[in-house]
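A quick write-up on the structure given underneath.
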Amino acid sequence: MNLTNAQWHLMLLSFLMLVLPAPQARGWRGLQYGVLLISGLTGPFCLFLAPVALWQWLGAAPDQRRHAFIQAAIVASAALIQVLCLLTLGAGERQSLVLGASATRLARMLTDQVFLSGVLGTANVGVLKQGALWQEPAMAWGVALAGLSVIALALVKGPSSFRKFCLAGLILLACALVSPAGAPVGDQWALLGMLGYGGRYFVIPILIFFIACLILACKAPGRLRIPACALLCVFMVGVWADWLYPTRSGTFAAYHQAVEAFEEAPPGTQVSFPEASPGWNMVLTKR
């Protein structure tokens, strides 16, 4: 929805480029290198992918090693540029905020923002948490440990690409929790624990949990495949619940009226265009 969140999507795309086999055509290889370069220069997410690129290069087959080395070199170069920017241009820009970290808040964060929201959707979890039972710390710990157990078992059963994805996601989530930017005031972990708040920090962990369920549904022993398949089905409930966006027909109608007024206005006239976010307007001067 915005440029900041796009970096998370670029990280996912770059990871896929890293773990895919080297294509035969030079054009496709150039496309992979270009994606890694553009993503690496767009934001600091190449820092989280650098260990994955190194791992991929060290474990590559002989016929894939040159391709993996080029990719690792691109990611490492972009990471070096990002580090220099953070140490020079970005030095002192991030405010020193109250973290408010605790083990219980971490358990609630994982339970509400990753495991439950990923499976049921934020809207349904909000209804579920109105019950007194879900306010107990023991419930948060139980769900968090169960979700982490699913991921741990998938790490054993799954391919190396999943372990690499978990490594990148773990580094990303750890950095987000150590230095979040949820709001200029307040305990940051308390804010990140609120449903629907800071969703970009949890999109990769939710994907990890989903892939873990997919791996267990395919490779786990028979008694574990049934609950894994059930979780995959319930995931569709969360997708449907959180896919709905509120209608903004009133805003759109007012915007089109402003467009017509702007076209008919004489030069020098200022016209206000309403935006979808309440209280925001864009004012243009006719030239």
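The values are calculated or read from the model by the stated rules, or taken from the named source; none is laboratory data. Source: prediction; values computed, not measured. Here the Cβ positions follow ideal geometry from the backbone for every residue, glycine too, while neighbour counts run over all protein chains shown. To get the accessible areas, we keep the full protein, side chains included, count just its heavy atoms, and leave off ligands, DNA and RNA. Shrake-Rupley method; radii C 1.70, N 1.55, O 1.52, S 1.80 Å.
Summary table below
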item	result
Enumeration of residues in the range 199-241 that are free of Cβ contacts under 8 Å to residues at least 40 places away in the same chain and outside any helix (DSSP H, G or I)	Pro221
Gly131 vs. criteria surrounded by fewer than 12 Cβ atoms within 10 Å (Cβ to Cβ) and not β-branched (Val, Ile, Thr)	yes
Of residues in the range 242-284 being part of a loop (DSSP other than H, G, I, E, B) and at pLDDT 90 or above, the one least open to solvent (accessible area, probe 1.4 Å)	Ala265
Residue in the range 51-63 that is within 20 Å of Arg200 (Cα to Cα) and either of a type outside the set (Asp, Glu) or surrounded by 15 or more Cβ atoms within 10 Å (Cβ to Cβ) (or both) present	no
Residue that is surrounded by the most Cβ atoms within 10 Å (Cβ to Cβ), among those in the range 1-33 that are among the polar types (S, T, N, Q), part of a helix (DSSP H, G or I) and over 11 Å from the mean Cα position of the chain (by Cα)	Ser14
Some residue of the range 135-145 being under 18 Å from Ile206 (Cβ atoms), open to solvent by less than 20 Å² (accessible area, probe 1.4 Å) and in contact (Cβ under 8 Å) with a residue 40 or more places away in the chain	no
